[in-house]
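Structure first, commentary second.
The values are calculated or read from the model by the stated rules, or taken from the named source; none is laboratory data. Note that the structure is predicted; figures quoted are calculated from it, not measured. Note that we place each Cβ from the backbone using ideal geometry, even for glycine, and neighbour counts take in every protein chain shown.
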Amino acid sequence: MLAGLGGEVQRTMSIVMALLAPAWIGCASRQAPASFVKHYVELHRSRDIDGLLALHANDAEFMIPGQETIRGMEALRDLLEWDAVLETELTMAGISADGDTIFIDSLVERNKWFQAIGLPEVRYRSGTRIVLRGGRIVGTYPAPFDDDTQQRLRDRFEALVQWLREYRRDALEQLLPGGKFRYNAASARRWLEVLAEWNKSQRLEIRHGFTVDDAAMSREPG
């Protein structure tokens, strides 16, 4: 998918793909697949983190392109708390199963992070897989974003990263240490603070036709 892109763009896309991680960590029981999904979405909507964790095996994993694999209850709790802070909303459709594997044909995600970066929603291709063992989730394997979402998200994220490098390198290193996301409630709150600052700077540039550096210089004495 990223063949032919420059190394920097590939690294950026690896980070972007990580954003899909926390929102839809499975929905497992011994009910029909559509009931699994409905039950998960209901728990997710009510921010019932303990209820969601109860759907997972202790050794459950979540594989994120470009990121370290998430494993175990503590890491999953951090992911779900991140998601709760961002007030993620999910729409899933086209649910089917083959043995112990649930397939999601259509997944749409909305949250405060995506909204702040300029995307009201993001869409995934079909093929997300949730693997069960004994009625509990042992693995979640996400499909990539669809082409339109991928392009729009990449463009916006590259602009954000450029701004962070120029004006908030300290925040960049804090939010993406080693180029990796930190999934927990504190990190989600910090992201929202920085995104609000970034959006304010973008509005300032558009309104007054100057850059953030110009605005800073205009406030210096003399």
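Out of (1) under 24 Å from Pro144 (Cα atoms); (2) out of contact with any strand residue (DSSP E or B) (no Cβ under 8 Å at 6 or more places or on another chain), what's the single condition that is false for Ile70?
(2)
Here are some residues: Ala143, Ala159. Which one is aliphatic (A, V, I, L, M) and touching a Phe, Trp or Tyr at 6+ places or on another chain (Cβ under 6 Å)?
Values: Ala159 fails: touching a Phe, Trp or Tyr at 6+ places or on another chain (Cβ under 6 Å).
Matching residue, one of Ala143, Ala159: Ala143.
What is the residue count in the stretch 183-194 for residues that are surrounded by fewer than 18 Cβ atoms within 10 Å (Cβ to Cβ) and either farther than 18 Å from Leu80 by Cβ or free of Cβ contacts under 8 Å to residues at least 12 places away in the same chain (or both)?
The total comes to 2.
Return yes when Glu121 is surrounded by fewer than 18 Cβ atoms within 10 Å (Cβ to Cβ), in contact with a strand residue (DSSP E or B) (Cβ under 9 Å, 6 or more places away or on another chain) and either among the hydrophobic types (A, V, I, L, M, F, W, C) or at pLDDT 95 or above (or both) and no when it is not.
Numbers: surrounded by fewer than 18 Cβ atoms within 10 Å (Cβ to Cβ): yes; in contact with a strand residue (DSSP E or B) (Cβ under 9 Å, 6 or more places away or on another chain): yes; either among the hydrophobic types (A, V, I, L, M, F, W, C) or at pLDDT 95 or above (or both): yes.
So Glu121 passes the test.
Need the failing condition index for Arg77 against (1) under 16 Å from Phe181 (Cα atoms); (2) in contact with a strand residue (DSSP E or B) (Cβ under 9 Å, 6 or more places away or on another chain); (3) not hydrophobic (A, V, I, L, M, F, W, C), just the number.
(2)
Which members of the stretch 119-178 meet the condition of being part of a helix (DSSP H, G or I) and aliphatic (A, V, I, L, M)? Reasoning before the result, please.
Kept after step one, since they are part of a helix (DSSP H, G or I), are these residues of the stretch 119-178: 147-167, 169-175, 177-178.
Residues satisfying the conditions are Leu153, Ala159, Leu160, Val161, Leu164, Ala171, Leu172, Leu175.
Would you mind stating whether Ser35 is part of a helix (DSSP H, G or I), out of contact with any Gly (no Cβ under 7 Å at 6 or more places or on another chain), exposed (fewer than 15 other Cβ atoms within 10 Å of the Cβ) and small (Gly, Ala, Ser)?
Values: part of a helix (DSSP H, G or I): yes; out of contact with any Gly (no Cβ under 7 Å at 6 or more places or on another chain): yes; exposed (fewer than 15 other Cβ atoms within 10 Å of the Cβ): yes; small (Gly, Ala, Ser): yes.
Yes: the conditions hold for Ser35.
How many residues are in contact with a Phe, Trp or Tyr (Cβ under 7 Å, 6 or more places away or on another chain) and part of a helix (DSSP H, G or I) when one looks only at the stretch 87-118?
Residues flagged as in contact with a Phe, Trp or Tyr (Cβ under 7 Å, 6 or more places away or on another chain) and part of a helix (DSSP H, G or I) within the stretch 87-118 amount to 2.
Condition first: of a type outside the set (A, V, I, L, M, F, W, C) and in contact with a Pro (Cβ under 8 Å, 6 or more places away or on another chain). Now tell me which residues in the stretch 55-85 satisfy that. Don't jump to the end; show me each part of the working.
The first filter runs over the stretch 55-85 and keeps only residues of a type outside the set (A, V, I, L, M, F, W, C), leaving 56, 58-59, 61, 65-69, 71-72, 74, 77-78, 81, 83.
Within the stretch 55-85, Pro65, Asp83 meet the criteria.
What pairs can you find where one residue is in the stretch 52-81 and under 16 Å from Arg133 (Cα atoms) and at pLDDT below 95, the other is crowded, with 19+ Cβ neighbours inside 10 Å and polar (S, T, N, Q), and their Cβ atoms are less than 6 Å apart, with a gap of 6+ or different chains?
Phe62/Thr140
Hey, among Leu80, Leu76, which residue is in a helix (DSSP H, G or I), under 12 Å from the mean Cα position of the chain (by Cα) and farther than 21 Å from Phe157 by Cα? Outline the logic, then answer.
Values: Leu76 fails: under 12 Å from the mean Cα position of the chain (by Cα).
When all the criteria are applied, what remains is Leu80.
In the stretch 46-68, which residue that is out of contact with any Leu (no Cβ under 9 Å at 6 or more places or on another chain) and under 18 Å from Ser187 (Cα atoms) is surrounded by the most Cβ atoms within 10 Å (Cβ to Cβ)?
Taking the candidates together, the pick is Gln67.
Take the conditions at pLDDT below 70, closer than 27 Å to Gln150 by Cβ and either among the charged types (D, E, K, R) or in a strand (DSSP E or B) (or both) and apply them to Arg11. Does it pass? Before you say what the answer is, go through the steps one by one.
Numbers: at pLDDT below 70: yes; closer than 27 Å to Gln150 by Cβ: yes; either among the charged types (D, E, K, R) or in a strand (DSSP E or B) (or both): yes.
Criteria met by Arg11.
Residues in the stretch 174-222 that are aromatic (Phe, Trp, Tyr) and at pLDDT 95 or above: how many? It would help to see each step written out before you state the result.
Narrowing the stretch 174-222 to residues aromatic (Phe, Trp, Tyr): 181, 183, 191, 198, 210.
Cutting the leftovers down to at pLDDT 95 or above gives us 191, 198.
Residues in the stretch 174-222 being aromatic (Phe, Trp, Tyr) and at pLDDT 95 or above: 2 in total.
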